[in-house]
Structure formats: structure tokens, C-alpha cells
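The values are calculated or read from the model by the stated rules, or taken from the named source; none is laboratory data. It should be emphasised that the depicted structure is a prediction, and the values quoted were computed from it without experimental measurement. Cβ sites come from the backbone with ideal geometry, for glycine too, and all protein chains shown count toward neighbours. The protein model used for the area step is the full one, side chains on, heavy atoms only, and it has no ligands, DNA or RNA in it. Shrake-Rupley method; radii C 1.70, N 1.55, O 1.52, S 1.80 Å.
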Amino acid sequence: MMALRYLRARRQEGFISVIAIFSFLGIGLGVATLIIVMSVMNGFRAELLDRILGLNGHYEVRAPAEENINDYNRLALRLAEIPEVVRVTPLVEGQVMASGKEASGALVRGITPEDIAALDVISTNLIDGSLDRFGDNDSIVLGYRLARTLGVQAGDKVKLISANGTPTAFGTMPRVKTYEVAAQFDTGMYEYDSGYIYMSLAAAQNYFRTGEGVTALEVFAEDPEQALKIRREIIQAVDIRAFIYDWQQSRASFFNALQVERNVMFLILTLIILVAAFNIISSLIMLVKDKGRSIAILRTMGATRGMIMRIFFISGASIGVIGTLFGFLLGLGFCANIDRIKGAIEGLTGAELFSAEIYFLSHLPAKIDATEVTVVVIMALALSLLATIYPSWRAARLDPVEALRYE
């Protein structure tokens, strides 16, 4: 009762109450910001991992430059015998210039109809056309952003131009062929939607002139994290001259940058909570100075130093506990409605807050990690409680005689 009464400042104590309110808001906003930022960083990693590994294998077995993997069926069977491997996909890849009403560079991937149907990131995200004609030698499937750049849709023609052309007496002639757009896909990841074209494996072998060979084999395992443990088995199964990359090696700089950014953001945003904890210290010290006479009277009435210390400890702790609870609820609520909030802000300001060209994803993801949220809440509570110890100790050490001497 005494602690809560001291927090309800009278008119002449209004400044102390204002500092307490700012301390409460500082703790709350610090906790909420930490939860939101860490959840968004987790969402980024999860979304990017799903999309990157949804289109690319957990391992890639690639032929050296200017070479092909000719006996790929035998090698695919050897890799498929590894218990954790669920699928092995042969690929023919090559860079082209795609031309419709406009032109743009693109990466062509030759793949069998069965394998593209197994890529859920594509087969379940078609927005125009279908995969029914994908096996034809003159049909392609491309990302919707690339289709928009080229100015084409399902049923239109796209001309592909490869620099690796046919040598002639007058120089190398670029290889040119026209294909019909069978479908468009929307993976939600800008890099793929704006630069990938899929055609049948036979059509790609014919276009890039790889004969019966392929340029790479992609190996899909059951779990990305567990896939890293079977590297030795993959190496032993590959009995030809080839380069072997796992998903971390192929995207090492990208995921390392995400992890470093996540750790730095956590440290920086923790300072918000630390500043709010110092505000609690300053508000309690001012409250102790203001309540000197009241403390002296309580001591003369029989209150022990422990009682006085508990009064001010509860006063400061209540700011920290309520502020942490407010920040916890605010953070979770923000994460649950983050896309609606982003849309509302963009509607009010007219500015694009989350550009797919910059951030690779077409929406703002947020994945709440219960362990991280628990760490943030415990850290905020610990800092808040530590901040109350010194002012409470000073209040308990106040001498009643000195406090009442000039009364």
C-alpha cells in the first residue's frame, strides 16, 4: 500500500511521477522493440531458408567449367541410396538474354517435369497458366516479375539468346530460340521471381548442347540442419571429378551477415532497456529525497530498515514489472499484425517501407521464438530489479534524527 501510494504523486511531486512514467515507457518500448526486431530477424532467416532450399538442393554436385556430368543417372542412384537423401535432381543451367516486348538477363534451369512438380515452392505458387505443357520442348515457366519485365503472360512467346553460340568462319553466332510461356510462378522471393526460367531437361540439353549430360545434380535431404552431417557420405558417393557444395557454403556470406546483424541489433537495442533502468534509479532517488520526512516518521513509529527498503524496492520493481508486461504484450501484438501495420503506414505516408528489390522477400515476416522472448523478459526484469537496490538501500539508511532536525 505504501509503495503504490508513493508512486501516485501529488501535485507538488508531479515531476517525480513524470520520470516514473518515462521509465515505464522506456522499459515497455525496449522490451517490445527487442521482441519485434528479433522476431523479424528470425522470420527473415526462416523465410529465406525455406525459399532458397525450396528451389536449391541441400547439396550441389557440379561439373567443372566447360564440362558436363554424362553418367548422371548412375551417380544419382548412388546418392539416393544415402538414408537421409529424399531426392536427387539433375539440372542443366545456363545464362541467357530473354526477350519479349522488353529484354532482361535470366538464368535458365533445365529440369524434368516430375522434379519441377516436386518443387512445392513453384508448383503450388503458379499464378498464370499450368505445368501441363511443361514437358514440351518449346515451353518454359518463369517468375512473374521477369514476365512483367518482359511484358509477357501465359501463351506469349519469349526469345532466348545464349552467348555460347555456334562457331563460324565469321565468329561465334549467338544461339537463339523462341519458347512459349506455359506458366508464371510467384515464390515471394525477388531474386527468383525476377531472374529464373525453367524448361524441360531435354529442351535445356538441346539448347545448351550438353548432349546426354547435365551441368549439376542437386541433392535434397529431409532436414537442412541434419543435411550438413552427411557431407562425408555425399563425398564418398561422388566417384567422378566434381565440385560439392552444401547449402551453407553456397550462401555462407549471406547467412553469416544475417547472424552478425542479428547479434548487433540485440546488443544495441538492449541499451534501450538499460537507459530505462537508469531512469528508474533517478526517479527512486528523487522519491527518497522527497519522502525524507515520511521515512523518518515511519522509523520513529517502529518501521525497520528492512520495511523501508521493501517499500521503495516494490515501488521501483512495480515500474519494471508492469513496463515489461506492457512491452511483452505490445511486442507480441505487433508481430502478429506486422503486415497490417506496415500496410497502414504505407497507406498513410505513400512510401514503400519494405522493398522486395532490396530485402529479397515480398512481405515482412515475423517468427516469434519463445526462448528469445523469455530471455528478453528475464533480462528486462533483472535490470529493473537491480536498478531499485541502491535507491532502496539509501532510503533504509536514512537517519530519522537528521531528517527531522530542521522541522
Separation between Cα centres of segment 21-61 and segment 310-347, rounded to whole Å: 18 Å
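I want to verify the translational diffusion coefficient of segment 34-170 in µm²/s; compute it with Stokes-Einstein, Rh as the Kirkwood radius over Cα pairs, at 37 °C and 0.692 mPa s. List each step's numbers first, then the result.
Values: Rh = 17.9 Å.
D, rounded to a whole number, is 183 µm²/s.
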Computed P(r) (all Cα pairs; segment 111-169; 5 Å bins; percent): 4, 14, 24, 22, 17, 9, 5, 3, 1, 0
Percent accessible area from carbon and sulfur atoms, the chain, protein chains only, probe 1.4 Å: 59 percent
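Would you kindly give the portion of the calculated P(r) for segment 67-108 that falls above 12 Å, as a percent of all Cα pairs?
Details: 597 of 861 pairs.
Here the tail beyond 12 Å accounts for 69 percent of pairs.
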Relative packing of 26-37, 189-200, 97-108, which averages over residues the other C-beta atoms within 10 Å, highest first: 26-37, 189-200, 97-108
Under 22 Å between alpha carbons - lysine pairs in the chain that sit 8 or more apart or on different chains: 6
At least 24 Å along the helix axis (C-alpha) and Kyte average at least 1.0, DSSP helices within the chain: 14-55, 252-290, 305-336, 370-396
Linear extension gain, Arg232 paired with Ser294, 0.36 nm per residue minus alpha-carbon span: 14.9 nm
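How much area per residue is accessible in the chain when the probe is 1.4 Å and only protein heavy atoms are counted (Å²)?
Numbers: 20690 Å² over 407 residues.
It amounts to 51 Å² per residue over the chain.
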Shape call, segment 24-104: gyration tensor on alpha carbons, a/c limit 1.5: oblate
Whether segment 124-257 is rounded, prolate or oblate, judged on the alpha carbon gyration tensor where a/c under 1.5 counts as rounded: oblate
